[in-house]
1. What are the residues in segment B:164-196 that are under 24 Å from the mean Cα position of the chain (by Cα) and farther than 11 Å from B:ILE140 by Cα, if any?
2. Given the options B:LEU281, B:LEU263, B:LEU258, name the one that is touching a Phe, Trp or Tyr at 6+ places or on another chain (Cβ under 7 Å) and either closer than 13 Å to B:GLN124 by Cα or facing chain A (nearest Cβ under 9 Å) (or both).
3. Going through segment B:1-51 one residue at a time, which ones are under 23 Å from B:GLY99 (Cβ atoms) and hydroxyl-bearing (Ser, Thr, Tyr)?
4. Given the criteria on the phi < 0 side of the Ramachandran plot, of a type in the set (Gly, Ala, Ser), surrounded by fewer than 21 Cβ atoms within 10 Å (Cβ to Cβ) and not assigned by TED's automatic domain parsing to the domain that holds B:GLU45, does B:ALA146 qualify?
5. Hey, any hits in segment B:241-250 for a residue that's part of a strand (DSSP E or B), within 14 Å of chain A (Cβ to nearest Cβ), under 23 Å from B:ALA137 (Cα atoms) and within 22 Å of the chain's Cα centre (by Cα)?
6. Is it true that B:GLY39 is under 15 Å from A:GLY26 (Cα atoms) and crowded, with 16+ Cβ neighbours inside 10 Å?
7. Against the conditions (1) surrounded by fewer than 19 Cβ atoms within 10 Å (Cβ to Cβ); (2) more than 14 Å from chain A (Cβ to nearest Cβ), where does B:TRP108 fall short? Just the number, please.
Amino acid sequence: MQPFALNYARPAVELAVATPYAYDSGLQLNVLGDGRIAACDHALLREVGTTTSTAGSKTHFDD
Amino acid sequence: MTVLILTSEEDVTADMVVVHLNGSGVPVVRLDPADLTGGVSLSGEYVHGRFRGHLSAGGRLVSIGGLRSVWVRRPGTPAGRAPQPSAWLTEEASQALYGMLRGCDARWMNHPDAARQARHKPWQLRLAQRCGLPVPATVITTFPRAAREFAERFPDLVVKPVSGAHPQDPPRAVPTSRVAPDTDFSAVAFGPTLLQRRIAKRADIRLTAVGERLLAARKATRPDADPEEVDVRFAAPGSPWEPVEVPARTADAVRAYLRRSELAYGAFDFAEDADGTWWFLECNQSGQFGFVEVETGQPIARTIAEWLSRPIPDEPAELDEAGSTVR
């Protein structure tokens, strides 16, 4: 009784990377431990993959 | 005039735009509807034929009438983090927030009505056809026989979710996957199934449209790529994304798509075949762009910030009940 498309499902891989930044509500930006703005560090963004198009998101399917 | 951004705190992609807005001195209020009624508050009154509304978040207070644009980026479920969340409270919070915002004159990226419509993949395929974009042969069906007959006509097929959503109980992902020619299609009867002719692609194309501006990136398919891995989101890291020019005919068709869908932003996915044709796969009305900018250096965040910063066009004067001109 399983729909056809689910024959091709695989376990969702949750993003296990702990992001090295935290939201600062005063700045309305995520900042690194040393106070730098995370979004300005493209090498970091590439490394943590949080700006990447993914699939299997629990809350969003607009990738 | 303020830019309102509806998104989660951890949305670092939105940060890329906030940085540019800050740099140009445009006031920004960022909030997550999930934080109603904790860190986010709202109030609006309709008195003497006028509306006055305010939003508050993170110590900032903004007049709804003072919004120039609303960017619906990655908002959480309204009141989703309330002390006692419920479906009823979510509906109340959603109606209050989005109901008030819908009444303002701000420009939307994207308007909720346009966004809701644009999420329907079958609708996307038809609109793409109407706009002149090449669409791979596709069938969406619950008839196993229709699926079998389609597979006879187009033996090299992929299957993908109709909605783009993924099952959560338990959490699973349903990537675009190849379907073997001798597949048993009887399970098609248990759920609408989208089958599509596989494009033997030599590259993936991600075209990010911001207003009238189109920024395209291309990721070449490696010669040694696994032919079974057709979904770039699941494939092993390969070639980098690189900027690419948008063919004139494609650009015209994409702009027509945006006009007819009333989208201010869209992330289009294409498969480029051996002839260089860009085959339309889908348009994500809130698709990610950060990874493209990080790899290509294309100024997507800045372009979004510029779009959000534009002043709202002059509204035609309205008449009040006494026939006087009001603003």
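The values are calculated or read from the model by the stated rules, or taken from the named source; none is laboratory data. Since the structure is predicted, the reported quantities are computational estimates derived from the model, not experimental observations. Neighbour counts are summed over all protein chains in view; Cβ atoms, including those assigned to glycine, are modelled from backbone coordinates with ideal geometry.
1. Hits for segment B:164-196 are B:GLY164, B:ALA165, B:HIS166, B:PRO167, B:GLN168, B:PRO171, B:ARG172, B:ALA173, B:VAL174, B:PRO175, B:THR176, B:SER177.
2. Working: B:LEU263 fails: touching a Phe, Trp or Tyr at 6+ places or on another chain (Cβ under 7 Å); B:LEU258 fails: touching a Phe, Trp or Tyr at 6+ places or on another chain (Cβ under 7 Å).
B:LEU281 is the lone residue from the list that is touching a Phe, Trp or Tyr at 6+ places or on another chain (Cβ under 7 Å) and either closer than 13 Å to B:GLN124 by Cα or facing chain A (nearest Cβ under 9 Å) (or both).
3. B:THR2, B:THR7, B:SER8, B:THR37, B:SER41, B:SER43, B:TYR46
4. Working: on the phi < 0 side of the Ramachandran plot: yes; of a type in the set (Gly, Ala, Ser): yes; surrounded by fewer than 21 Cβ atoms within 10 Å (Cβ to Cβ): yes; not assigned by TED's automatic domain parsing to the domain that holds B:GLU45: yes.
Yes; evaluated as a whole, the condition is true for this residue.
5. Within segment B:241-250, not a single residue is part of a strand (DSSP E or B), within 14 Å of chain A (Cβ to nearest Cβ), under 23 Å from B:ALA137 (Cα atoms) and within 22 Å of the chain's Cα centre (by Cα).
6. yes
7. So B:TRP108 meets the others, but not (1).
Residue-wise test of (1) modelled with pLDDT under 95; (2) of a type in the set (A, V, I, L, M, F, W, C); (3) under 23 Å from A:ALA38 (Cβ atoms).
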position	(1), (2), (3)
B:PHE268	no, yes, no
B:THR277	no, no, no
B:ALA305	no, yes, yes
B:LEU319	yes, yes, no
